[in-house]
Each structure stands twice: as C-alpha cells, then as structure tokens.
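Nothing in this text is a laboratory measurement; each read-out follows from the coordinates by a stated rule. As the structure is a computational prediction, the values presented were derived from the model and not from experiment. Every residue, glycine as well, gets a Cβ built from its backbone with ideal geometry; the counts of neighbours run over all protein chains shown.
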Amino acid sequence: MKIGYVRVSTQEQNTIRQEVLMKSLGVDQLYIDRASGKNADRPELRKMLTYVRQGDTVIVESISRFARNTRDLLDLVEQLAGKQVEFVSQKEAIDTTTPTGKFMLTIFGAVAELEREYILQRQREGIAIAKDKGVYKGRKPVERPEFPKIVSQWREGRITATEAMRRLNMKSSTFYRKAKGFS
C-alpha cells in the first residue's frame, strides 16, 4: 500500500501542490500535518507511523516535509524499517530499499538540518538589527482583564490553580510567574 505524508508549517499554508503530487503517484492513504517540522511530534505523523504495515511504502514530496533534522529523519526512517516499510522521497529521488538510497538519505538529512540552522541564524540576526533600530519590541503581551479577579479567587482558595489556568488559558509556568508579580 502507498502511504502519502504531506506537511506544511502553518494552518494558512496550502497543501494542494503536495496533494496533487500524491494523487499522481497513486497513494492509497494520505496524512496531512499543518505543523512545524522542527520535531517529530506531529499528530498525523504519529497516526501514519501507527498505521503502516509490512510491505507499505511511505512517500513524501521532499525530506524537509518529513523531518527538519538528521536525527529525526534517521529515527523516523528506522521506525519504518523496523516495520519493514519502505521510504521514498520524491524530490530527492531517495528510495531506502537500496544502500545508495540510505546513504543519500543521510546526506540530504544533514543538508536539511543545515538549512534550518541557517534560517534560524538569519532570523536571530534580523531580530537583533530590528531591536537596535528600535523597530522590534518583542511579542506583545496577551491582555487578560480577568486576571486580577481569577488570581484573587485562587489565592482565597475558591478555585484551584488548575481551574485558574484553564479559565485564563495559561500554562502553569506563565500563570505562576505572572501571579508572583501580581499583588
């Protein structure tokens, strides 16, 4: 069975180009993630890895759609190999059933990781320049007008911290940090 995996980084990005390719390749099952490729913790990727069976072939448009660092790429391909599932990256013409394909996979994985590091470096440099010019002030804080009331209820023991975090839609570290600074 041919299994297609498609990924874009954000909800706003379009998957149609990759979907058309998958259709032209005759994939039987398609998994689509709209999430960063910075790690392998993606819902559709997990479903796909659970679904695949011996003899299946996982097809991706390019390595960068599957993984952004060499370790994740090799781990994912190893998981597939452990299930006796082939991996094909269309753009790079990589097929892991051959020794050359396995070698090329490692090389392209390293290149994808290097590209990601360059992107992050350019981003950091751009932010530093913008800060120096006074243009970049960082992320604007999320306004929560109900924060004082909910923190007071929590401190008085009328609600739990978990309930306060749920109502404020905050993670625990943010909640406690902001509550500590709030009198």
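Numerical summary
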| read-out | value |
| --- | --- |
| Cα-projected label distance for residue 106 with residue 10, points at 7 Å along beta-carbon direction, nm | 3.7 nm |
| Environment charge at residue 35 (Cβ cut-off 14 Å; Lys +1, Arg +1, Asp -1, Glu -1) | +3 |
| Above-threshold pairs, the threshold being 19 Å between Cα atoms, out of 2/47; 2/91; 2/38 | 2/38 |
| Cα-based Lys pair tally, the range 122-183, threshold under 23 Å, eight or more apart or on separate chains | 11 |
| Expected 222 nm ellipticity per residue - DSSP helices of 4 or more, -39500 (n - 2.57), all of the chain, to 500 | -16000 deg cm²/dmol |
| Ranked 44, 92, 12, 78, criterion: other C-beta atoms within 10 Å, fewest first | 12, 78, 44, 92 |
| Estimated FRET transfer efficiency (residue 169, residue 118; beta-carbon r; R0 30 Å; 0.05) | 0.30 |
| Sum of side-chain charges, residue 83 neighbourhood, beta-carbon under 9 Å (Lys, Arg +1; Asp, Glu -1) | 0 |
| Modelled FRET efficiency - R0 41 Å, residue 139 with residue 71, Cβ distances, 0.05 increments | 0.90 |
| Local electrostatic count, residue 68, Cβ distance below 13 Å [Lys/Arg +1, Asp/Glu -1] | -1 |
| The range 72-160: chymotrypsin sites (Phe, Trp or Tyr not before Pro) in DSSP loop, at most 14 other beta carbons within 10 Å | 136 |
| FRET efficiency estimate (nearest 0.05) - Cβ-Cβ, residue 83 to residue 182, R0 41 angstrom | 0.20 |
| In the range 86-126, the trypsin sites (Lys or Arg not before Pro) that fall in loop regions by DSSP, at most 14 other Cβ within 10 Å | 91 |
| Cubic angstrom per residue, convex hull over Cα atoms of the chain | 170 Å³ |
